[in-house]
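FYI, it's all coordinate maths here, none of it is from the lab. Predicted model only: the values in this text are computed from it and were never measured. Counting neighbours? That spans all protein chains shown, and the Cβs are built from the backbone with ideal geometry, glycine included.
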Amino acid sequence: MLKHIQAVLILPVMVTVVIPGLLILTAEPGKTGWALSLPLNWLALLGGVLFVSAGLILLFKTISLFATIGQGTLAPWFATRKLVVQGIYQYVRNPMISGVFCILLGEVLIFGSTILLTWFFMVVIINLIYIPLFEEPGLERRFGADYGLYKQNVPRWIPRLAPWQPPGGKVRMSENTSGSLASGEVEEK
């Protein structure tokens, strides 16, 4: 449990709470909202709350699936031992990052902050580089053909409309134990 709390505090909380809070306090102290007319200000606030809520739901679902099915955390240093392709992962490969994007965009709408908009774009650019160049090759090494099949069928950030089902409704779950790849059980979907 401590590993999960540590991973959440270090990664999503730092990116979505600590850094945006410091940016607002130092770069735009006292700034609130977009200074739009009243109905538009309320729409921006409502949109922001909806984005933050959606992002929190995605983060919660991701973290719980990593803990229960993946037997690990969202942090690369306490990585999952099993490939997670159930639940929200049947729709999108990186729901945690999609959740982070939603939260950051919601914060931009709520606070009316150009500095938070800049931070949002920086996080997007970092992930556009990091995930395909580092994270995905690591997952391919750890989980082999299982991850390759999954990657071919499930988009990175924008969800599918229907959940992905492996051919025949089955997926061989690979397990990464002690740095080696071993085949697990065949699981029904």
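Quick notes on this structure:
- The label-point distance for I10 and L117, in a model that sets each label 7 Å from Cα toward Cβ, rounds to 3.4 nm.
- Residue order, fewest to most surrounding Cβ atoms within 10 angstrom, among M122, M96: M122, M96
- The length gained on full extension between L133 and S64, counted as 0.36 nm times the residue separation minus their Cα-Cα distance, comes to 22.2 nm.
- Theoretical gain in end-to-end length, V17 to L50 [0.36 nm per residue, Cα-Cα removed]: 10.2 nm
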